[in-house]
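For reference, the structure discussed in these notes is given below.
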Amino acid sequence: MRAFPDLPPVWWLGSIAAIYLFKFVAPGLHPDIWWLDALSWLVLLAALAIIIWSAWYFFARKTTIEPHHTPKVLIEEGPFQWSRNPIYLALVMLTLSFAMGNGSLLGFVLTAVLWLVLDRRFAAPEEALLRQTFGEEADAYCARVRRWI
């Protein structure tokens, strides 16, 4: 049994929990900023749509969605034509949405920290695995599509 499930959703949940807990001790924005709350809902809905859209391609192409596993195919369509990591991007968007919805100034910092963790711990190694697995095809894809946006 692993001591810590090193998966992006676990890191995401940790960031959400930290934002929630820190709202009781750290300064925040005034809770009645209606446009910030509305924007947080828009970002949340967009993020959920990106996750569902991206996951559909993994299942349709019958390749692994889990990090640290070797993919069977290189997905280049759908959201993957704009971002090599749309699900990670959506997790960052969900964290940003939660920070905005809670008026958490520290939440914006934690959103950046989550982005850094996802970039270094998952996106970069997965990109190396894509290049190792798919060679020139992956090189061309990485040259054409940005890692994030």
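The values are calculated or read from the model by the stated rules, or taken from the named source; none is laboratory data. Since we're looking at a predicted model, the values are computed, not measured. As a convention, Cβ positions derive from the backbone with ideal geometry for all residues, glycine included, and neighbour counts pool all protein chains shown. When the accessible area is computed, the model is the full protein with side chains, heavy atoms only, and any ligands, DNA or RNA have been set aside. Shrake-Rupley method; radii C 1.70, N 1.55, O 1.52, S 1.80 Å.
Numbers at a glance
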{"quantity": "Members of the range 21-47 found to be touching a helix residue (DSSP H, G or I) at 6+ places or on another chain (Cβ under 7 Å) and either more than 29 Å from Leu74 (Cβ to Cβ) or not in a helix (DSSP H, G or I) (or both), listed by number", "calculated": "Phe22, Lys23, Ala26, Pro27, Gly28, Leu29, Leu36, Asp37, Leu39, Ser40, Leu44"}
{"quantity": "Among (1) surrounded by fewer than 14 Cβ atoms within 10 Å (Cβ to Cβ); (2) over 18 Å from Leu13 (Cα atoms) - the single one Leu45 does not satisfy", "calculated": "(2)"}
{"quantity": "Residue within the range 15-23 that is modelled with pLDDT of 85 or more, under 17 Å from Leu89 (Cα atoms) and either open to solvent by less than 100 Å² (accessible area, probe 1.4 Å) or touching a Lys or Arg at 6+ places or on another chain (Cβ under 7 Å) (or both) present", "calculated": "yes"}
{"quantity": "The range 86-98 residues that are within 11 Å of Ile19 (Cβ to Cβ), paired with ones that are modelled with pLDDT under 95 (beta carbon under 8 Å, 6 or more apart)", "calculated": "Thr95/Ile19; Thr95/Gly107; Leu96/Gly107; Leu96/Phe108; Phe98/Ile19; Phe98/Tyr20; Phe98/Ser104; Phe98/Gly107"}
{"quantity": "Hits in the range 48-77 - residues which are hydrophobic (A, V, I, L, M, F, W, C), part of a helix (DSSP H, G or I) and open to solvent by less than 70 Å² (accessible area, probe 1.4 Å)", "calculated": "Ala49, Ile50, Ile51, Ala55, Phe58, Ala60"}
